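The values are calculated or read from the model by the stated rules, or taken from the named source; none is laboratory data. Everything numeric here is computed off the predicted structure, so don't read it as measured data. Ideal geometry is used to build each Cβ from the backbone, glycine not excepted, and the neighbour counts take in all protein chains shown. Keep in mind that these areas ignore ligands, DNA and RNA; they rest on the heavy atoms of the full protein, side chains included. Shrake-Rupley method; radii C 1.70, N 1.55, O 1.52, S 1.80 Å.
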Amino acid sequence: MSRARADEEEYWHSSKFRAFTFDDEDDELSQLKESKRAVNSLRDIVDDDDDDLEKVSWSGEPVGSISWSIKETASSSSSLEGRDQPQKGSSSYAALPKQVSSYSLSNLFKGRNRLPSLPSLSDDYSNDWSPRDTVRRMQRGKVCSLERFRSLQDKLMLLDEAVAGHDGNVITAVLIFLKRTLRREVLFRELEVRQVALCHLIHFLKETGEQKLLLDLLRFLDRTEEVALSQYREHLNIQDVEKKREFLKGCIGLPFSAEDISHIQDHYTLLERQIIIEANDRHLAMAGQSEIFRKYPRKASILNMPLVTTLFYSCFYHYTEAEGTFSSPTNLKKTFKIPDKQYVLTALAARAKLRAWEDVDALLTTKNWLGYTKKKAPIGFHRVVEILQRNNAPVQVLQEYVRLVEDVETRLNLATKYKCHDVVIDTYRDLKDRIQLMAYKCKVERGSAEEEKINSLLSNM
C-alpha cells in the first residue's frame, strides 16, 4: 500500500508528468487564452480602420484588382475539379479548399453566366432587366449586359429607350452593340427612321475612321454629296504626293456640288503646280545656279502647302518671271482667280521682306488709260505702312506712304508713331493749326531741318 502511494507521488512529481494547477502561469491553456485575447484586441484595432486599409491576397496583389480577378477566374475551375479528388502525398492536416472568386472579368464585361454553385454578390449583373431599366442603369454608370436582347424588337426597344434618355454615351454604346449584332441592311433600314440615332452613328463612324461602313451607310441613304466628301477626305491619309495627285484626279469625277467640284479641281491643279515648282527649285538650289537661292536658302518644301503660302513663295523667289511659267505669281493669280486685295497683301509682304522697295513702289503704282500714274492700295495705305514698318523700312520710304493715308487723324498718329516729322508738319500746315505746330516744335531736335521748317511756317502764318 505504501509502495503504491509512493509510486503515485513519484508519478505526479516527475518532470515528465505535471499536475493541473490554477496558479500555474506557464500552463498551455493559459497561454492559449492569452494568445486569443491578443488576437481579438488586434482585430478590434484593425476593424476600426478597415475602410482605409488595402486588402491584399497571399501573392501580395490587392484584392479586387484586375490581375487578382484574372488569377481568381483562372484558378476557379481547377479548384472545383480538385476538390473531390484526393491530393497526392500524405499530410496530418486536411487540405482546405481555396475560395473561388464570385465574379470574373468575362462576367463583368461580356455578361456570361457565373458558375451555378457560386452565390451572387448582388443583383448588378442580373439578366432580367427590361430595356428601360437597362438604359437607366447605364445612365447611372452600372455594368449591364446587352447580350440578353436577342430579338430585333428588343434591340429596337433598347435603342428607342436610349434615345428617349437623351444620353449620348448610352446611345453610342447601344449603337455599337447593334452594329455588332445586326446585319448592315437591317441596321441601316431601322436607323433611317431614327434620325437622332442615325446622326450619332455617322458622327461615331467619322471619329473612329470606319470609312467603309460610313460610305455604305451614306450610299444607302442616297447622300451622294456626303459620300463624295467622305471619299475626298481620304487624301489626308496619303503621304506620297504622286499618289495623292492621282487620287485627287479621280475625285474630280465624284458627284460634288458645283461649288465643291471647283475647289477639288483647284486642289488638284495646285498640287500639280507644286510638284513641278518643287522639282525645278530643288535642282536650282543644289546646282547653285540662282543667286536668290544662294542668298536665301529654302527652309521647307512647297509641297502640300496652301495657296496663299504658294503665292508668297512665288513672290519671294520667282517675282520677276514671265506670266507663262508655272511658278510666276501673276500666273498663279490668274489661274486660281486670286482677288487683288489678297494678291497685293501677299506680294507686298514678300517683297518687303527682301527690302525690294522698288518692287513695292511698282506694285502700288497704277496707270490709267490716259497714261497717268497714281498710287493705289486695295488693302489701304495704313496697312501698307504697318507692313513696311515691320520689315524695317527706312523713314524716307515710310513717310511716302504715310502721306497717302486719307484719314487725317490716322495719318497724324502713324506719322507721330514712326517719327515721320515732315508728314506731321505738312499736315498741321494744311490744317493751319499754329498751336499744334508750336507744340510739335518741342518734339523735334533743336537746330534740325524740321525745327527750321516749323519756324518758317510760323513766321508766315
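Please give the net charge around Asp222, taking every other residue with its beta carbon less than 15 angstrom from that of Asp222, where Lys and Arg add +1 and Asp and Glu add -1. My count for the surroundings of Asp222 gives -2. Its Cα gyration tensor gives segment 352-418 an equivalent ellipsoid; the semi-axes, largest first and in whole Å, are 20, 16, 9. In this structure Ser230 has an accessible area near 10 Å², from a 1.4 Å probe over the protein heavy atoms. In terms of overall dimensions, the C-alpha atoms belonging to segment 243-361 reach 47, 34, 24 Å along their principal axes, ordered largest to smallest. Note on exposure: Thr416, Thr134, Thr320, Thr373 ranked by accessible area (1.4 Å probe, complete protein assembly) read Thr320, Thr373, Thr416, Thr134, with the most exposed listed first. Distance between the 7 Å Cα→Cβ label points at Asp422 and Glu207: 6.4 nm. Shape analysis of segment 420-460 places it in the prolate category; the axes a ≥ b ≥ c from the Cα gyration tensor give an a/c of at least 1.5, with a/b above b/c. For segment 356-421, a crude dipole built from +1 on the beta carbon of Lys and Arg and -1 on the beta carbon of Asp and Glu, taken about the Cα centre, is about 60 debye to the nearest 20.
Summing Cβ point charges (Lys, Arg +1; Asp, Glu -1) relative to the Cα centre of segment 420-460 gives a dipole of roughly 180 debye.
Taken over the alpha carbons of segment 332-461 as equal point scatterers, the Debye sum produces base-10 log I(q)/I(0) values at 0.12, 0.16, 0.19, 0.22 Å⁻¹ of -0.55, -0.85, -1.05, -1.24. Computing FRET efficiency as 1/(1 + (r/R0)^6) for Gln265 and Arg298, where r is the C-beta to C-beta distance and R0 is 22 Å, gives about 0.20.
Could you look at segment 129-222 and say what percent of its accessible area is carbon and sulfur, using a 1.4 Å probe and all protein chains? The value for segment 129-222 is 49 percent carbon and sulfur by accessible area. Three semi-axes describe the equivalent ellipsoid of segment 129-222; taken as square roots of 5 times the Cα gyration tensor eigenvalues and ordered largest first, they are 22, 14, 11 Å. Taking the alpha-carbon centroid of each part, what is the distance from segment 176-191 to segment 269-332 in angstrom? One Cα centre to the other: 51 Å. The base-10 log of I(q)/I(0) for segment 180-275, evaluated at q = 0.10, 0.16, 0.18, 0.22 Å⁻¹, reads -0.33, -0.73, -0.86, -1.09 [Debye formula, identical scatterers on Cα atoms, solvent excluded].
Legend: residue pairs Lys337/Lys374; Lys155/Lys206; Lys295/Lys417; Lys295/Lys419; Lys353/Lys374; Lys295/Lys337, Cα-Cα distance threshold 28 Å; pairs beyond threshold, Lys295/Lys417; Lys295/Lys419; Lys295/Lys337. Projecting each Cα onto the charge dipole of segment 199-342 (Lys/Arg +1, Asp/Glu -1 at the beta carbon, about the Cα centre), which of Thr309, Met286, His263 comes out farthest on the positive side? Value: Met286. Ellipsoid semi-axes for segment 305-368, based on the Cα gyration tensor and the rule √(5λ), read 17, 14, 12 Å when sorted largest first. Just to verify a number: FRET efficiency for Arg189 and Ile252, C-beta to C-beta distance, R0 = 35 Å, to 0.05? According to the calculation, E is roughly 0.60.
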